[in-house]
Amino acid sequence: MIRQPVVAGSFYPGESRILKRELEEYIRFADTKKKAIGIISPHAGYVYSAGCAGKGFGQVEVPGSVIILGVNHQGFGHPYAVDGHDAWRTPLGDAPIDLKLREKLVADSKIFAIDTMASAREHSLEVQVPFIQYINPDAKILPITISSHDADLLISGGKEIARLIKDNPDTLIVASSDMSHYVDAQTAKEKDNKAIDKILALDPKGLFHVVASERISMCGVCPTTMMLSAALELGGQKAEIIDYTNSGEVSGEYHQVVAYLSLMVY
């Protein structure tokens, strides 16, 4: 069962040749890549956010397995939905699901469940896949769609993922998130800095609560909270900003932007 692309041709190029050319431009490979536990990567249309995402992916090793934690923008399905397909198709080909990781995660979990509907139209997961395919064509993926308002369950979910990775260390976690939405660039930066401070402090519960209390429109706070929880369990000691930008850098309109962050935890 193949998950067909739903935002190819809109969020990113639908033609393989053009997509490869754009990824080549967007990805900035470091001379020495870090073995990160997790990264935060934005998920807007490539014209706005792929430069930021490409800087992030270019700084880290993309190993044999990549767990992608996405946002449930559509509101369908289980709140902790592990994708049930066999592969995800993009213009670059089919990215196989890591079936062993999926089976073990769901079998041992009190939180996650297989649910194919939740990710059926979810762009926050799909836009990450071509970056993974371009850098490591042999990588397997495990997309998980998250819709939760419970910080404790998000942190517990992160711990479950960490236990999975301890047995499968050749795994990277990608938390898919944009930052502030539809405010002016200065307001976005001021608000986002409050969230980023918690991420840099490796404080998942603090991040979840500051986003709520300060009304920061960071759509991927749940995936990021879960990734930070997993990273702490896996011995993560540092978070490092790779890039922070906003849509105004492309559109020239700074009065109403969406902001983007690339960050790694290792």
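Annotations
- Cα-based values for region 132-217, radius of gyration first and Dmax second, are 15.5, 44 Å.
- Considering only GLU233, GLU214, GLU122, the mean-square fluctuation computed in a Gaussian network model of the chain, springs between alpha carbons under 10 angstrom, is largest for GLU214.
- Charge tally for ARG102 (other residues, Cβ to Cβ under 15 Å; Lys, Arg +1; Asp, Glu -1): -3.
- Computed over neighbours whose Cβ is under 12 Å from that of GLU214, the net charge equals +1, Lys and Arg +1, Asp and Glu -1.
- Cross-link partners of LYS166 among lysines (Cα-Cα below 23 Å; sequence separation of 8 or more within a chain): LYS33, LYS34, LYS35, LYS100, LYS104, LYS110, LYS140, LYS205, LYS238
- Carbon + sulfur, % of accessible area of the chain - ligands and nucleic acids excluded, 1.4 Å: 48
- Average projected area [Cα convex hull, the chain], square nanometres: 12.3
- Proximal charge balance of TYR80 [Cβ under 14 Å; K/R count +1, D/E count -1]: -4
- Residue among GLN128, GLN237, GLN59 with the largest mean-square fluctuation in a Gaussian network model of the chain, springs linking Cα atoms under 10 Å: GLN237
The values are calculated or read from the model by the stated rules, or taken from the named source; none is laboratory data. Computed from a prediction, not measured in an experiment: that's the story for all the values here. All Cβ positions, even for glycine, are placed from backbone atoms using ideal geometry, and neighbour counts span all protein chains on display. Just so you know, the surface numbers come from the protein's heavy atoms only, side chains and all, with ligands and any DNA or RNA stripped out. Shrake-Rupley method; radii C 1.70, N 1.55, O 1.52, S 1.80 Å.
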